[in-house]
Amino acid sequence: MTHPLLANLKLNEEGFMTDKSQWTKEIAVEIAKQEGIEALTEAHWKIIDFCRKTGEPTGKAPTLRTITDGSGVSTKELFTLFPKGPAKKVAKISGLGKPEGCV
Amino acid sequence: MKTFLILGAGTGGTMVANRMASRLDPQEWRIVIVDKNETHYYQPGFLFIPFGVYRPADVVKPTRRLLPRSVEVVFADIELIEPENNKVSLSNGKSINYDYLIMATGCDIYPEETPGLSDNWHKNIFDFYTIEGATKLHEFFETWQGGRMVLNVAEMPIKCPVAPLEFMFLADWYFTRRGIRNKVELAYATPLPGAFTKPTCSIMLAGVLKRKNITIIPEFNLMEVDNDKQVIRSYDDMEVPYDVLVSIPLNKGAEMIKRSGMGDSLNFIPANKHTLQADQYPNVFIIGDAGNLPASKAGSVAHFMLDILEANLLSHMKGQEMHAQFDGHANCFVETGFDKAVLIDFNYDVEPLPGMFPIPGIGPFTLLGESRINHLGKLGFKWIYWNMLLKGIEIPTVHSHMTMAGKKPIPQVMGVESLFTMKE
């Protein structure tokens, strides 16, 4: 079942939000659930906030390296918080596009 | 006299030197190119060395001979770039002041960035992105009696994203020919969610992998190599055992880019993906894999950038607006073994599609399908590289901008898989 908050979201074929103005913290929580993250902790939010801040001016999602270099969180920790592809998952939850590193 | 300075005499730099030598007025401009290496390598040929298809001598030529006489060639390491002073310092103590700077310094592999990866380097862990690695791997393969070979891509982006797949397809062919394919297990561990970066092509290539009995381990993000246990371990603690590990280590731009404060976290130079101008410096342009563009880091991409770069440089020199726009065009022959290959053609926005290339309906090359002609095209490309591509000569019927002519859009109704129910 799609959560009512997610029902009207504009997404591309890979599930990334295409209209940044639709993003809210509540929506982030629901997208995270869909991505298999049951609850967003303070550690999660630290990274989401960092990505939204970096992504804001360009609309581009930061790559894994930009996140680890910029937020001070280790790669290992990042994979614990956002298992499998952290850069892609954070980008999705933060309402940003697909990180361009994945060419 | 004004100075047009090119750093790097690889594929991109050599092409720019040749093209601009015939465009810039020699009374007004001096063209200088700097490289540490007196030998030019045909890098797409490295792939074939481990399997004995090419010998090292087949992929080298003297750098000087590939450049016009009018171009000044300096063999030295680059110590530092001071873009605010338009100045480059070299290891031979000299420095060069420039009016325009072309960054063609490329990228390289850095095994030392991953714990354990360089410990048994060229013993039971190999690369094939350097001539040394490819040659050592060939020696190893010649006497190997079989076991489990794992190919791993440490992190994206890498130079030529299809090379790992081609390597596995050729390995399947090589060990079959040696009569030990039944003793060799082939596994490919990649950080990507599938075989390739673009969805349709990924499904197509996954089919080829499956048919050739090559296991794919997707979403594997390498943390370390455990040499005692002979496993590679991911950040989420997945372990993949190997007898021989073929690695595509972290790819980064040159260290001096970092020293000069010009790069991103991987030493790639932030540049406009359409104009090729460096974001921070109006008289600095990039070509090939030195930039941070979201395009394949392959020679064909550098080739398609050349026309755009030339047009924009000439406009910028005249103080005019730059109109030429690079579209991210890439065109790659993907060797699939047993004298066949697949051809893919794509750009920033359009993924590889099936069809015929370069002449719509006629070909002779088949897009996104295996054929023998494609394989001949791949081998013939070596001649084109030395004789046309490096010289900046246009290849007839192949254009800088990608074209939709001859391509078939994917029918939305049927599953993409149905396109590739293979006609063996």
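The values are calculated or read from the model by the stated rules, or taken from the named source; none is laboratory data. Nothing here was measured: the structure is a model prediction, and the numbers come from that model. For neighbour counting, all protein chains shown are included, and Cβ atoms are generated from backbone atoms with ideal geometry for every residue, glycine included.
For B:Arg181, work out the one condition from (1) touching a residue at least 12 places away in the same chain (Cβ under 8 Å); (2) away from chain A (no Cβ under 14 Å); (3) charged (D, E, K, R) it doesn't fulfil.
Condition not satisfied by B:Arg181: (1).
Scan segment B:268-313 for residues that are in contact with a helix residue (DSSP H, G or I) (Cβ under 9 Å, 6 or more places away or on another chain), part of a helix (DSSP H, G or I) and under 16 Å from B:Val398 (Cβ atoms) and jot them down.
Hits for segment B:268-313 are B:Gly299, B:Ser300, B:Val301, B:Ala302, B:His303, B:Met305, B:Leu306, B:Asp307.
Mind listing just one residue for me: the one in segment B:125-161 that is within 15 Å of the chain's Cα centre (by Cα) and of a type in the set (D, E, K, R) and, of those, nearest to B:Pro191 (Cα to Cα)?
Keep residues of segment B:125-161 that are within 15 Å of the chain's Cα centre (by Cα), which gives B:127-131, B:153, B:155-161.
When the remaining residues are screened for being of a type in the set (D, E, K, R), the result is B:127, B:155, B:159.
Numbers: B:Asp127: 17, B:Glu155: 7, B:Lys159: 15 Å.
By that ranking, first place goes to B:Glu155.
If B:Asp307 satisfies every condition in (1) under 27 Å from B:Gly406 (Cβ atoms); (2) surrounded by 20 or more Cβ atoms within 10 Å (Cβ to Cβ); (3) in the same structural domain as B:Tyr42 (by TED's automatic domain parsing) but one, which is the exception?
(2)
What is the number of the single condition among (1) within 14 Å of chain A (Cβ to nearest Cβ); (2) in contact with a Phe, Trp or Tyr (Cβ under 6 Å, 6 or more places away or on another chain); (3) hydrophobic (A, V, I, L, M, F, W, C) that B:Ile216 does not meet?
Every listed condition holds for B:Ile216 apart from (1).
Return the residue satisfying two criteria in turn: it lies in segment A:1-26 and is hydrophobic (A, V, I, L, M, F, W, C) and under 23 Å from B:Pro199 (Cβ atoms), and of such residues it is surrounded by the most Cβ atoms within 10 Å (Cβ to Cβ). Give the steps one after another, and end with the answer.
Start the filter on segment A:1-26 by keeping residues that are hydrophobic (A, V, I, L, M, F, W, C), which leaves A:1, A:5-7, A:9, A:11, A:16-17, A:23.
Those still in the list that are under 23 Å from B:Pro199 (Cβ atoms) too: A:6, A:9, A:11, A:16-17.
On the way: A:Leu6: 16, A:Leu9: 18, A:Leu11: 14, A:Phe16: 19, A:Met17: 22.
Among those that are hydrophobic (A, V, I, L, M, F, W, C) and under 23 Å from B:Pro199 (Cβ atoms), it is A:Met17.
Among the residues of segment B:351-373, are any within 14 Å of another protein chain (Cβ to nearest Cβ) and either under 26 Å from B:Pro270 (Cα atoms) or buried (at least 21 other Cβ atoms within 10 Å of the Cβ) (or both)?
yes
Within segment A:27-86, how many residues are at the interface with another protein chain (Cβ under 8 Å from one of its Cβ atoms), buried (at least 18 other Cβ atoms within 10 Å of the Cβ), touching a helix residue (DSSP H, G or I) at 6+ places or on another chain (Cβ under 9 Å) and part of a loop (DSSP other than H, G, I, E, B)?
Total meeting the criteria: 2.
Does B:Tyr174 count as of a type in the set (Ser, Thr, Tyr), over 22 Å from the mean Cα position of the chain (by Cα) and away from chain A (no Cβ under 14 Å)?
On the way: of a type in the set (Ser, Thr, Tyr): yes; over 22 Å from the mean Cα position of the chain (by Cα): yes; away from chain A (no Cβ under 14 Å): yes.
Against the criterion (of a type in the set (Ser, Thr, Tyr), over 22 Å from the mean Cα position of the chain (by Cα) and away from chain A (no Cβ under 14 Å)), B:Tyr174 qualifies.
For the structure I just gave you, tell me whether B:Asn374 is free of Cβ contacts under 8 Å to residues at least 60 places away in the same chain, of a type outside the set (A, V, I, L, M) and under 22 Å from B:Phe4 (Cβ atoms). Walk me through it before giving the result.
Details: free of Cβ contacts under 8 Å to residues at least 60 places away in the same chain: yes; of a type outside the set (A, V, I, L, M): yes; under 22 Å from B:Phe4 (Cβ atoms): no.
Spelling it out, it is not the case that B:Asn374 is free of Cβ contacts under 8 Å to residues at least 60 places away in the same chain, of a type outside the set (A, V, I, L, M) and under 22 Å from B:Phe4 (Cβ atoms).
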